[in-house]
Amino acid sequence: MSNKSAECKAAPGKYMPVIDRNRCEAKADCVTVCPYSVFEIQRLAEDERKQLSLRGKIKAWAHGGNQAYVVQPTACQACGLCIEACPEGAIRLTSTSDIVGNNSTTSNTDNAD
């Protein structure tokens, strides 16, 4: 773990990152900076690809259909390093109490088609 982990703001599981599928370009900066291995780069699932905006579909195609995924959401300690590192602004932290019942670590908020 990095020295930055000491700056984390919350206990594990209180917050989790949510990735905007229309913005993510799989540059893996979030994977590199996260001291808790919350992220992985994976192939975008076909059902998720279908939900993308036109811009999101173009970005996904241009980046080989790969995107960052939250694979260990309960390990997140809200340090915010992923948010700072993401050049596309595709990550936000959400309280897990806001997600209860939704069970989603992705969003499609880019409406600019």
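All of the numbers you see were taken from the coordinates with simple rules; none came from a lab. The shown structure was predicted, so the numbers you read here are calculated from the model rather than taken from an experiment. Because the Cβ atoms are built from the backbone with ideal geometry, glycine has one as well, and the counts that use them run over all protein chains shown.
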If I model a spin label at K14 and T96 as a point 7 Å from the Cα along the Cα→Cβ vector, what separation in nanometres do I get?
1.2
Taking 7 Å along the Cα-to-C-beta vector as the label spot, tell me the E48-A62 distance in nanometres, rounded to one decimal.
1.9
